Amino acid sequence: MSELLDRLFIWLFLLLVSIFLVLISILLPVTIHESEELRVAMFGFPIPFAQQDLMRIYGNYAVDYPHKFTISFGMLENVSDIYFYKIPFFFSVLIVYIGLLIIRYLHNRFLL
């Protein structure tokens with residue numbers, strides 16, 4: 001019974017770690033190739049799940065494209081809303097969770 005609780009705890013811990021990793025991935029910069037792409041900038045990894053209209057913030061920003069941009073939070077007056085898509089977020093968490101389970105299995109199989 002104790003071994004089952006240990007496994008359950010590890011699975012839940014890996015699930016929480018995968019949710020944290022996917023949520024923090026929206027802080028990674030994305031490459032924008034032309035100014036029109038600023039309207040639909042997608043953030044998140046491995047599947048983009050957060051969208052923001054960066055044209056409101058960087059519309060008059062003179063830069064050579066391609067350029068890397070990060071998501072903008074509510075520290076400026078003209079910050080646009082961030083839209084989260086649930087299905088891509090779910091699949092991103094699932095991909096990272098499966099990856100962590102594979103790493104755990106390989107670690108237990110070959111290193112212990």
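The values are calculated or read from the model by the stated rules, or taken from the named source; none is laboratory data. Please read these numbers as outputs of a predicted model, since none were measured by experiment. Quick reminder, even Gly has a Cβ in these numbers, built from the backbone with ideal geometry, and neighbours come from all protein chains shown. Ligands, DNA and RNA are stripped out before the accessible areas are found, and what is left, the full protein with its side chains, is counted by its heavy atoms. Shrake-Rupley method; radii C 1.70, N 1.55, O 1.52, S 1.80 Å.
For the range 89-110, indicate whether the set of residues that are in contact with a Phe, Trp or Tyr (Cβ under 9 Å, 6 or more places away or on another chain), at pLDDT 95 or above, in a loop (DSSP other than H, G, I, E, B) and open to solvent by less than 60 Å² (accessible area, probe 1.4 Å) is non-empty. No: zero hits. If you check every pair at least six apart or on different chains, which have Cβ atoms under 6 Å apart with a residue in the range 99-112 that is in contact (Cβ under 8 Å) with a residue 40 or more places away in the chain first and a residue that is part of a helix (DSSP H, G or I) and among the aliphatic types (A, V, I, L, M) second? Final answer for the pair search is LEU100/LEU14. Would a scan of the range 77-91 turn up a residue that is without any contact (Cβ under 8 Å) to a residue 60 or more places away in the chain and closer than 30 Å to ASP6 by Cβ? Yes, that holds for at least one residue.
All conditions in (1) open to solvent by 90 Å² or more (accessible area, probe 1.4 Å); (2) among the aromatic types (Phe, Trp, Tyr); (3) outside any helix (DSSP H, G or I) hold for PHE73, with the sole exception of (1).
For the range 50-69, filtering for residues that are over 27 Å from GLY99 (Cβ atoms) and either among the charged types (D, E, K, R) or exposed (fewer than 15 other Cβ atoms within 10 Å of the Cβ) (or both) leaves 10.
Among the residues making up the range 1-32, those that are under 21 Å from PHE45 (Cα atoms) and among the hydroxyl-bearing types (Ser, Thr, Tyr) are SER18, SER25, THR31. Out of all the residues in the range 4-17, is one or more buried (at least 17 other Cβ atoms within 10 Å of the Cβ) and more than 14 Å from the chain's Cα centre (by Cα)? Taking every residue of the range 4-17 in turn, at least one turns out to be buried (at least 17 other Cβ atoms within 10 Å of the Cβ) and more than 14 Å from the chain's Cα centre (by Cα).
Only one entry of ILE47, ILE24 meets the criterion of being assigned to a loop (DSSP other than H, G, I, E, B), open to solvent by 30 Å² or more (accessible area, probe 1.4 Å) and either within 25 Å of LEU101 (Cβ to Cβ) or at pLDDT 95 or above (or both), and that entry is ILE47.
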